[in-house]
1. What percent do you get for the relative contact order of region B:181-294 when only Cα pairs under 8 Å and 6+ apart count?
2. Identify the trypsin sites (Lys or Arg not before Pro) of region B:136-178 meeting these criteria: DSSP loop state and at most 16 other C-beta atoms within 10 Å of the C-beta.
3. What number in nm² do you get for region B:118-221 if you take the convex hull of its Cα atoms and divide its surface by four?
4. In Å², what does the accessible area per residue of chain A work out to with a 1.4 Å probe?
5. Give the average, rounded to an integer, of partner chain Cβ atoms located within 10 angstrom of each Cβ in A:247-253.
6. Using DSSP loop states and a limit of at most 11 other Cβ atoms within 10 Å to flag GluC sites (Glu not before Pro), what is the longest stretch of chain B containing no flagged site?
7. Over the whole of B:55-65, what's the average partner chain Cβ count within 10 Å per residue? Rounded to a whole number, please.
8. Need one number: convex hull volume per residue for region A:51-123, Cα atoms only, in Å³.
Amino acid sequence: MPERIETMDDVPSIKAFELPLSVKSNEPVNGEYRLLVLAAPHDILKRCRAGQFFHLLCPQAGGETPYLRRPMSIYGFYPEKGELHFLYKVTGAGTRALASLALGDRLNVLGPLGEPFTIADDWQDLVLVARGVGLATLAPLALEANRLGRRLTAICSARHPDYLMSTDYFASLGADVITLTDAEGTSDLDNLEKVIEGLIADGRADAFYTCGSNRMLRLLQTIGERHGIPGQIALEQQMACGIGMCHCCVRPFNRGDRQVHLRVCREGPVFDMMEAIAW
Amino acid sequence: MVDLSVDISGLKLKNPIMPASGTFSEDLAEVFDLDRLGAHVTKTITRGWRDGNPTPRVCEVNGSMLNSIGIPSKGVGAFIEKVVPFYAHYETPLVVSISGNTADEFATLCSEVSVPGVAAIEVNISCPNIEEDGKAFAIRPSSTHDVMRKLRAATDLPLWAKLTPNTGETSEVARAAEEGGADALVVANTILSMAIDINTRRPKLGNLMGGLSGPSLKPIALRMAYQCARATSIPVIGCGGISTVEDVIEYLIAGASAVQVGTATFIHPTIMLSLIDGLEDWLSNQGLSSVKDLIGTVIDGEQDEAVVFMEAAP
Ligand SMILES: Cc1cc2nc3c(=O)[nH]c(=O)nc-3n(C[C@H](O)[C@H](O)[C@H](O)COP(=O)(O)OP(=O)(O)OC[C@H]3O[C@@H](n4cnc5c(N)ncnc54)[C@H](O)[C@@H]3O)c2cc1C
Ligand SMILES: Cc1cc2nc3c(=O)[nH]c(=O)nc-3n(C[C@H](O)[C@H](O)[C@H](O)COP(=O)(O)O)c2cc1C
Ligand code: FES
């Protein structure tokens, strides 16, 4: 045997759990999104962090047989209530099957997984920019910012005012909420840029947080570079294992002067905004 | 107490359940105690750095999956420096899976990974993703024999040859591997497959083709494990589509001395633990005191009738 470089104490500790949780509710939020509330043990909830995700074993329902698990961001975790929340958009076989879950049904979950968002000590004013279901990923960040006493501006974008989600939630956590919609003609990139430049002029932007959208990433990278403002992005990629074993979820990133492939499930889903490569 | 231990050509495993290459890594240690497993089998490594295939690298098909991960590898240096010491924390034997593009490169890598801390070397002569059009050494008996002889000369460690279902000559390839110096056969790797998105008319995998794994593969890999166990006198390690205790038992009855579990771990990360416990319970309910009493106990005396039946089928 090789020399033991580390001691037996260095054997990794258990951090993620595979277990069935029972459904407390699973209701539509609007025409596109649903909120799934699961009863979860305190042990797991206390390990959850904003930006992390669970890998869900979707049931077989309505003739659909999703096989691989489906990744979902933690929308909310409430150790005091014993609840774990997911906000999801019904798009295909897996999420259609999720939508069939009823009170008392069991859902096998694996998690919490992945690297969470971080809030550096000198990031006092946070700007969160999200569209659509991206809000699901960024919502728990608002809770964390509130807990740390940071100021938060949430720029929420959607196709239609009816599809704006979580704005009340952000407001209840003390965030300044700015809404932009396609229907009102306010969500174009030029206008978004103006809004963000306004925040910067007011000294209200130490860091950006975003997720999901290619166009927003490019814009924030440009603005970030212009003003030297850092940021983080939560990325998506198709996943099989969700814990780092299969390497199916890699994406390219810029690191120094090279491009590296990193696993979204393991090194992410939260990455340095400047290192991310728009797609 | 049921004795679950098995012997793979001198390497003693505390139970016959181990992961399949590419579906296991150190990361799983954050979900359960890896020392419960019979062996640890690493993702295939290559000598130098490799990026792997373009994305998308997986898709699902009727309750199974296709993958074209390729063999992303940090190279043998990083492996020996970082990965081998990690597994040294555990009592469970470490099996390193290796692959090379040429027989000589393969043999060099084989001797390079023959370091303390490695208990056996699994030679992936079957991966359909690397070689052009999915060709691999283990498709033909002659190339299998040639590469195994070179590998045999390169190490004193036990050599496990991982075979491919992408051959029409299973028994011949198995015998060629044995004659070339394999100490055990891992049967089998994935089947070269394809899936197309009918809306975009594009293949669902970035690499166009990939390997089928999961439950759909089981009857084929089980048949191969049976054929290999009959064709050779070295232990066979069954692999392909195992997701229940019944699957494990089937492989053991067919003649496998141990099994590897792959895709099922993606669906249930803790499945190998349930399989170990489930196997122990099943053996005990059957009044068997050792798993060895089950291996190769298939009753297959009526082959002639089976052949007649197949010929009569439309
Ligand atoms: C870390 C992470 C967090 C996510 N959080 C949320 C969330 O909070 N709410 C939400 O609505 N969606 C979220 N998604 C996207 C969600 O996982 C997919 O919408 C879902 O897997 C689609 O599955 P389906 O069976 O309904 O669709 P199908 O299109 O039938 O899925 C087929 C395959 O593609 C994969 N897939 C499809 N779309 C995506 C995607 N956008 N990202 C990754 N894999 C995909 C599926 O996993 C499956 O393997 C997240 C994705 C990731 C990677
Ligand atoms: C994502 C993925 C990656 C794999 N990578 C490897 C590999 O690197 N080397 C190898 O020999 N087999 C590899 N395999 C094949 C498995 O080891 C196994 O032979 C196959 O998946 C069949 O078993 P299963 O049906 O239990 O998954 C891989 C399989 C999958 C699904
Ligand atoms: S999903 Fe398997 S490594 Fe990320």
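The values are calculated or read from the model by the stated rules, or taken from the named source; none is laboratory data. Please read these numbers as outputs of a predicted model, since none were measured by experiment. Quick reminder, even Gly has a Cβ in these numbers, built from the backbone with ideal geometry, and neighbours come from all protein chains shown. These area figures cover heavy atoms from the full protein model, side chains too; ligands, DNA and RNA do not enter into them. Shrake-Rupley method; radii C 1.70, N 1.55, O 1.52, S 1.80 Å.
1. For region B:181-294, the relative contact order is 23 percent.
2. none
3. Mean projected area for region B:118-221: 7.7 nm², to one decimal.
4. Details: 11970 Å² over 279 residues.
Result: 43 Å² per residue.
5. 6
6. The longest such stretch corresponds to B:92-301.
7. Details: counts 8, 4, 8, 9, 5, 8, 1, 2, 4, 2, 5.
The per-residue average across the peptide is 5.
8. Residue-normalised Cα hull volume stands at 109 Å³.
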